[in-house]
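What follows is a set of notes on a single structure, which appears directly below.
Laboratory data are not the source of any read-out in this text; all were calculated from the coordinates shown. Computed from a predicted model, the values in this text were never measured in an experiment.
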Amino acid sequence: MNLHKLNSELLELQRLIGIANLSLEEKNEELRRLNSALSQLQLNKSDFNRTKSICIEPEFTTKTLHGNNAAKIHNFRENELQVSFSAISDKDISDAENRIIEQINQIKQEIYVIESNISSMETQHTNVNRQKREVENQS
């Protein structure tokens, strides 16, 4: 192999390693944002479940609310509000958590592949550098 070809190969490997490192940084940032979003969602889920009782537990009686209105509000709380709270908390938030976890796992896999590629290219770079030194020593 001639020196010019080896130098070109080294430059190309350096360029590819640089691109892969940028991609790795982007994926790590994406992973950080997804982990942050998952933590925030879990905090919001806890807050949501704590505030659920504020809407569902207050008791309305004929003494605190006039006549039939107390029964209507009680029925509304049990038949609509409580069901809505349960449906949102249990299904929607859990689905969102699962989607974020799936994305986190996918990004982790992509990071693994990128790191493997970088490692392989660095090994190639080392080998080409060794070949370059051998050619230079022969000259």
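Of note:
- Karplus 3J(HN,Hα) series, Hz, for the stretch 113-128 with 6.51 cos²θ - 1.76 cosθ + 1.60 (x for Gly, Pro): 5, 4, 4, 5, 5, 4, 4, 5, 5, 5, 5, 4, 4, 4, 5, 5
- According to the calculation over all Cα-Cα pairs in the stretch 1-51, the P(r) per 5 Å bin from zero is 5, 17, 11, 12, 9, 8, 9, 6, 7, 4, 4, 3, 2, 2, 0 %.
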